[in-house]
Amino acid sequence: MNVISVIVGSTREGRFSEFPAHWIKNHLEQRLDLKVQLLDLRDFAMPLFDSAMLPGIPGRPPYENEAVRRWTASIGASDAFIVATPEYNFGPPAVLKNAIDWVYPEWQRKPVGFVSWGSQGGSRAVQQLRETAVELHMAPIRNAVHLPVTAIYAHFQGKTDDIQEILHASDAQANTMIDDLLWWSNALKAARTGGA
């Protein structure tokens, strides 16, 4: 059974992230033979990356920080990821990039998809994250979900029904991305475990 983790890429107070993260998680839960989990960065209070040893060094000793150990274990136990991320100033949030940088071999040879929002639907943050994913030996999925900026405006105005309508309008995009993610997840898991 594949383990798919939805990563909530913002920890900001009053964040919009709750809506798209739970929406895409619900889509995943409609699929058979998946274990779906939410990895909320609020639950992993990691320091700014300060390790004397780089995460990719062979024989890396266990991290001393408990939150980093839990985060690394959660990534290692996952077969694929969907990152729900806002765009901050043309890129992803610093807290998300920091969380990514704490891990290295646990990311490798696993697919990742994206749900984003912000200026230009968050596409510039996703583009940077795709490049980071390639450096981590991941397989970024071509199809993504880029939510229109009207979703954020609705959030700030407290219009929950409008947010749900906007998300519902992206259901087809979500299913296309998930189809691709699961294909890659199955193929890469078989390769990682010697089945291909």
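The values are calculated or read from the model by the stated rules, or taken from the named source; none is laboratory data. The shown structure was predicted, so the numbers you read here are calculated from the model rather than taken from an experiment. Quick reminder, even Gly has a Cβ in these numbers, built from the backbone with ideal geometry, and neighbours come from all protein chains shown.
Any chance the range 79-91 includes a residue that's within 16 Å of Arg130 (Cβ to Cβ), aromatic (Phe, Trp, Tyr) and touching a His at 6+ places or on another chain (Cβ under 9 Å)? So far as the range 79-91 goes, no, none of its residues is within 16 Å of Arg130 (Cβ to Cβ), aromatic (Phe, Trp, Tyr) and touching a His at 6+ places or on another chain (Cβ under 9 Å).
Flag: Ser74 does not match the condition of being crowded, with 17+ Cβ neighbours inside 10 Å, of a type in the set (Ser, Thr, Tyr) and out of contact with any Leu (no Cβ under 7 Å at 6 or more places or on another chain). Here is the figure for the range 40-70: residues that are over 19 Å from Arg12 (Cα atoms), in contact (Cβ under 8 Å) with a residue 24 or more places away in the chain and either of a type in the set (Gly, Ala, Ser) or not in a loop (DSSP other than H, G, I, E, B) (or both) total 4.
How many residues does the range 113-132 contain that are of a type in the set (Ser, Thr, Tyr), at pLDDT 95 or above and either more than 23 Å from Asn89 (Cβ to Cβ) or in contact with a helix residue (DSSP H, G or I) (Cβ under 9 Å, 6 or more places away or on another chain) (or both)?
Pass one, the range 113-132, residues of a type in the set (Ser, Thr, Tyr): 116, 119, 123, 132.
If we keep only those that are at pLDDT 95 or above too, we end up with 116, 123, 132.
Checking the rest, the ones that are also either more than 23 Å from Asn89 (Cβ to Cβ) or in contact with a helix residue (DSSP H, G or I) (Cβ under 9 Å, 6 or more places away or on another chain) (or both) come to 116, 132.
Residues that pass the stated criteria total 2.
The residue of the range 3-35 that is surrounded by the most Cβ atoms within 10 Å (Cβ to Cβ), among those that are among the aliphatic types (A, V, I, L, M) and closer than 14 Å to Asp171 by Cβ, is Ile24.
Test Glu135 against the stated conditions and say whether it is touching a helix residue (DSSP H, G or I) at 6+ places or on another chain (Cβ under 7 Å), surrounded by fewer than 22 Cβ atoms within 10 Å (Cβ to Cβ) and either closer than 24 Å to Asp180 by Cα or among the polar types (S, T, N, Q) (or both). Show your work before the answer.
On the way: touching a helix residue (DSSP H, G or I) at 6+ places or on another chain (Cβ under 7 Å): no; surrounded by fewer than 22 Cβ atoms within 10 Å (Cβ to Cβ): yes; either closer than 24 Å to Asp180 by Cα or among the polar types (S, T, N, Q) (or both): yes.
For Glu135, the condition - touching a helix residue (DSSP H, G or I) at 6+ places or on another chain (Cβ under 7 Å), surrounded by fewer than 22 Cβ atoms within 10 Å (Cβ to Cβ) and either closer than 24 Å to Asp180 by Cα or among the polar types (S, T, N, Q) (or both) - is not met.
Candidates Ile100, Ile75: the one that is without any contact (Cβ under 8 Å) to a residue 40 or more places away in the chain, part of a helix (DSSP H, G or I), closer than 22 Å to Pro47 by Cβ and within 11 Å of the chain's Cα centre (by Cα) is Ile100.
Please state which one of Lys159, Lys189 is surrounded by fewer than 21 Cβ atoms within 10 Å (Cβ to Cβ) and farther than 27 Å from Pro55 by Cβ.
Numbers: Lys189 fails: farther than 27 Å from Pro55 by Cβ.
Going through Lys159, Lys189 in turn, just one is surrounded by fewer than 21 Cβ atoms within 10 Å (Cβ to Cβ) and farther than 27 Å from Pro55 by Cβ: Lys159.
Checked against the criterion of being free of Cβ contacts under 8 Å to residues at least 24 places away in the same chain and touching a Pro at 6+ places or on another chain (Cβ under 9 Å), the candidates Trp117, Trp183 yield just one match: Trp183. Do we find that Asp180 is surrounded by 15 or more Cβ atoms within 10 Å (Cβ to Cβ) and among the acidic types (Asp, Glu) in this structure? So Asp180 fits the description; yes. Candidates in the range 90-99 are the residues that are within 20 Å of Tyr63 (Cβ to Cβ) and out of contact with any helix residue (DSSP H, G or I) (no Cβ under 6 Å at 6 or more places or on another chain); of these, the one that is surrounded by the fewest Cβ atoms within 10 Å (Cβ to Cβ) is Ala94.
For the range 56-83, a residue qualifies if it is at pLDDT below 95 and on the phi < 0 side of the Ramachandran plot, and the qualifying residues are Gly56, Ile57, Pro58, Arg60, Pro61, Pro62, Tyr63, Glu64.
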